[in-house]
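Q: Got a structure for you, questions after.
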């Protein structure tokens, strides 16, 4: 199968993620959309790796996964503490950048 | 021998330093220390004088270089002295009269709690004045020039608690500073023209400079001289300077400091000789001041201010003579020396009278004092005869020569100048006779002393009893002795100088000398002078001797009223300079705040406004940030692609 | 390797600042003594620098050079010429007096139990300023200089904003508001200047490839490094703008009166006598050496601005009602003279300007510190609140008068020598400018004497009747400075000897020669 198709898929996933980040208020959903975008990038990296015949892209993908995992930890912690104090997970409620 | 020169300056300088830094523990004998050091300076001067007499006329000058003062690339100023006949004359006059006035001040300032400081300032003045006349270059001369200005400032304002004294002191300093601009620029011009401002080299290089430059230098020097010597148009400070203690008026504002301008012109004679246009201006300034001072002197009722007007007028004579060139320099200096004697004597006499009359200065409240103060009367009287040029006394010899030299200028100028000097002699006789009659003759017009004012409670008078009539008495020995010595000078100095033309021969190597040839005989001029002075004295006698003098001044003619106000010069200054200056500074202060600061603050405010608008973007909504981020990225990518495409 | 004397001279006050700041809260007197000891030790080192400096030797001496940020060619490069030595000596000399004069300015308030330690902070900040100023006089690397030029704003900001003059006519809140206005104004003006300079510094790097003053200057002199005319002019303007703000030159001067008025007198001395000198020093060292052609190109405008500063500053000083603001405007006038001397491009003018920096530092210190003593006693800065002080406190009045006379450049006191040299140097090249500047000496007499007359003479005002005269500590501050004024006024040779060779180098940098006297030129 032509690897370019994977790139199209990655672009599609990225667009879905970006749209979600922009239009959804719920922090959890925004968060999942961010993950979606990250994974879209991963897909693109792997596809490029295949196209160029070296492993650089795959290595970067692993890095991204590690960073994403760390981000999940911090992000979820923030969302949980936000939810505890406000009983809502809307990102717009936190516009003052403080609890 | 030349190593002694520095000591001339060092002795009074040491006195000033010790007295001013020494504190109260020197109060008891500080005045003696000051007097001894002034006398030391005179003794050193005398030693050097006799040493100088022992040498031939052309080898008399001595030089001493102490150290390099301002050594900078291309610019060399030394602390170096030059003692020639001209400087010697001044050294003896300054330290001699200075010492006498120190002695006089011991008595005069006896009851002033700040007497030590007064002597410190007097010593400072002597040091600066000696530096002025001993300097071998113009920059060092400038040092002394400003130094005497400082001493004059401190001494005029000695009774600082009186606002009038403080104002007078400030005025004197400021007007002198205007003159100092002239000296500064003259030095700069010399530097750019000759590359030096040391007397000798400058005078040797004169040929290489254009006449325009020389005229400019000479005019700038004249400006300086006008400031220091109270010549029109910078004369306005001298009358106010009489706020200082009387010994100060005698020493600084009559005998020595105010004559520094004449010294400057004479010292720079070589430059003036090469700048005839400037010389003409000098003569005009001298002639105008001569009449100006004399007219002012006629109208003043304050004895010291009348004498101040007279000082101005007499210095006008000297400046006029100096402006005449080699015909006049010698006589300018000769008149300067004799004037130093008789004017100092007159001021000391005036101080003695004031001392006796509860510090009253209004001559209309004197009268009939000759019986009560015989020594003062006689010495003052001799000074009076000398200043009006009574034949045989000092003033006669020197003034007569100046009148002759004025006529000898030749042509219409000669006649005009001669007439002015003759007229001046007549007016001098008039106002001095007036002073004499109002003070020592006629009825007693004494007034009770005014109630002591809280602000003026430290006047130097011994017995100041408010509400009582004064008890005139002769002054103590320390005051009368200097007056007697000066009276001797007033009587005999002129004759001594003129005997065998000794003074002319003495100064000739420095200033050069040419015999003038007046269009009429010398005898005619002398006779005319005597006639004119008799007329002047006669008018004064008719007005003030035969009729009683009213205690309150009559309104007087327009001229009299103008003359009482120094011919409106102060009013002019006030309206144009003081008021105008105030408006200028006030509007500038306003502009600085509103315009200069405003423009900068306005810029800051507009930056602030921009940031206020930008701040609205920072609303805290994470999704709008995300949108701008995506938008920005999209724009960047699009831009990159477009650039590639191109 | 020899002992790094220059680093030590700057490091010692820095160390002092750290130690002073670390003194426990209760021991505030110990902090003062510590600061004083360190400042005196720095003075000792500065004296050593002056002794080790050989006027006849190389242009930059006691040099040190270490790699710092190798990728950008930034080096830690130090070296002093005669001008630097003179200014380091001035700085090291004034700081002990500043500390001594401000002995009680930051005493902790008895009532308010604050957690911060004002005394320690005050003296530590002063020492920090000293360290940075000294290092900036030593830096021969443009980037290093830039860092210091900006960094010294931080302690100055806190000194102005945190320790204001307690004698204030308004309420406490009002005073605090004015103070922070002054501090922010000071910071903003200088930051803007600094930013523009940063752009120029980067531009210089792009053109020259490194930051070393000596290397760039040598390359320029040898013709290895040429700049397009416009590039050079823009870079020059970037540098000059920053220095003109700091100096300050009209019309960028308005921060100075605010800052000097609101700060305590010792801090005001620190601003005008020490920190501002970095600006004029940098004009002489960086503008003229790096951009000789552009300097010559800009000279006419700068001379005019300097003249405006002289006259304008003096006129505004006459119109002031506040003693400290009056001194501030007088300083603006004097900075005009310094800048005039630098850009007159004659040996006399530049030597005079350098001496002027030193002399103005000392004379303003005397005038300002005595004014500070007076203001502390009476609790007011307004001239109208005084009168007849000389009768009550003659020594205070006497020292004030001497400070004033120095400010109006009376011969016999140090500023006369420098002012006259500047005037002569200017006159030799631009006669009209010289004459206009000479008018400044009359105006100087006016503002000084009016100030003296209104405060010190006349009838004694009831409020000043019980003012004490100078105390021993205060006399110890003023007397040595006055002695120095007299010494440098009569015998400035030690100073001119070390300054002269540096000026000769600068003159050859800008390829200028003194105009020859008319008589010689004619031959």
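None of the figures in this text is laboratory data; all of them are computed from the coordinates on show. As the structure is a computational prediction, the values presented were derived from the model and not from experiment. Because the Cβ atoms are built from the backbone with ideal geometry, glycine has one as well, and the counts that use them run over all protein chains shown.
Q: Shape verdict for segment C:339-464, please, from the Cα gyration tensor: rounded (a/c under 1.5), prolate (a/b greater than b/c) or oblate.
A: Prolate shape, in that a/c is at least 1.5 and a/b is the bigger ratio.
Q: Taking only C-alpha pairs under 8 Å that are 6+ residues apart, what is the relative contact order of chain B in percent? Display every interim value, and only then the final one.
A: On the way: 1039 pairs, mean separation 81.0, N = 646.
It rounds to 13 percent for chain B.
Q: Shielding by partners for B:70-82, please: the mean number of other protein chain Cβ atoms within 10 Å of each residue's Cβ.
A: 6
Q: Something else now. Build a GNM of chain A with springs between Cα atoms under 10 Å: which of A:39, A:26, A:54 gets the top mean-square fluctuation?
A: Looking only at A:39, A:26, A:54, the biggest GNM fluctuation is shown by A:54.
Q: Using a Förster radius of 60 Å, what is the FRET efficiency between residue C:11 and residue B:378 based on their Cβ-Cβ separation? Nearest 0.05, please.
A: Approximately 0.15, to the nearest 0.05.
Q: Here is a follow-up. Dividing the alpha-carbon radius of gyration of the protein assembly as shown by 2.2 N^0.38 Å (N being the number of residues), what value is obtained? Spell out each step's value before the answer.
A: On the way: Rg = 37.8 Å, N = 1268, 2.2 N^0.38 = 33.2 Å.
Expressed relative to 2.2 N^0.38 Å, the Cα Rg reads 1.14.
Q: A further question follows. Applying 1/(1 + (r/R0)^6) with R0 = 51 Å to the Cβ-Cβ distance of residue A:66 and residue C:47, what FRET efficiency is obtained, to the nearest 0.05?
A: According to the calculation, E is roughly 0.25.
Q: For residue B:623 paired with residue C:469, estimate the spin-label separation in nm (one decimal), with each label point 7 Å from Cα along the Cα-to-Cβ line.
A: Here the answer is 8.1 nm between the modelled labels.
Q: Here is a further query. Sorted by packing (mean other beta-carbon atoms within 10 Å per residue), highest first, where do C:210-217, B:24-31 land?
A: C:210-217, B:24-31
Q: In nm, to one decimal, how far is the modelled label at residue B:514 from the one at residue B:21, with both set 7 Å along Cα→Cβ?
A: According to this spin-label approximation, the distance is 5.1 nm.
Q: Just order B:376-382, C:263-269, C:24-30 by mean Cβ neighbour count inside 10 Å, highest at the front, would you?
A: Taking the mean over residues of other Cβ atoms within 10 Å, the ranking is C:263-269, B:376-382, C:24-30.
Q: Can you bin segment A:4-86 into rounded, prolate or oblate? Criterion: square roots of the alpha carbon gyration tensor eigenvalues sorted a ≥ b ≥ c, rounded for a/c under 1.5, prolate for a/b above b/c, oblate for the rest.
A: oblate
Q: Could you work out how far apart the two model spin labels at residue A:9 and residue B:49 are, taking each label as a point 7 Å from the Cα in the direction of the beta carbon, and quote it in nm?
A: The two pseudo-label positions are separated by 12.3 nm.
Q: In degrees, nearest 10, range 0 to 90: what is the angle between the Cα axis of helix C:493-509 and the longest Cα principal axis of chain C?
A: Long axis of C:493-509 versus the principal axis of chain C: about 40 degrees.
Q: Let me ask something else about it. Residue by residue through B:147-157, how many Cβ atoms from other chains fall within 10 Å of the Cβ on average? Before the final figure, lay out each step's value.
A: Values: counts 3, 0, 3, 5, 0, 0, 6, 1, 0, 0, 6.
Per-residue shielding by partner chains comes out at 2.
Q: Against the longest principal axis of chain C, how steep is helix C:28-52, in degrees 0 to 90 to the nearest 10, with axes from Cα atoms?
A: On a 0 to 90 degree scale, this one is about 30.
Q: Moving to a separate point now. Rounded, prolate or oblate: which fits segment B:50-191 when a ≥ b ≥ c are the square roots of the eigenvalues of the alpha-carbon gyration tensor, with rounded for a/c under 1.5 and prolate only if a/b beats b/c?
A: Note, shape of segment B:50-191 comes out oblate.
Q: Take each of the peptides B:405-412, B:7-14, average the number of other beta-carbon atoms within 10 Å over its residues, and list them starting from the highest.
A: The densest-packed peptide leads the list: B:7-14, B:405-412.
Q: Pull out the extension gain between residue B:412 and residue B:29, defined as 0.36 nm times the separation in residues minus the alpha carbon to alpha carbon distance; nm, one decimal.
A: Stretched out fully, the residue B:412 to residue B:29 stretch lengthens by 131.9 nm.
Q: Relative to the longest principal axis of the C-alpha atoms of chain C, give the angle of the C-alpha long axis of helix C:172-208, reported between 0 and 90° and rounded to the nearest 10°.
A: Helix C:172-208 sits at roughly 10 degrees to that axis.
Q: Let me ask something else about it. Evaluate E = 1/(1 + (r/R0)^6) for residue A:26 and residue C:154, where r is the Cβ-Cβ distance and R0 equals 56 Å; express this FRET efficiency to the nearest 0.05.
A: For R0 = 56 Å, the calculated efficiency reads 0.80.
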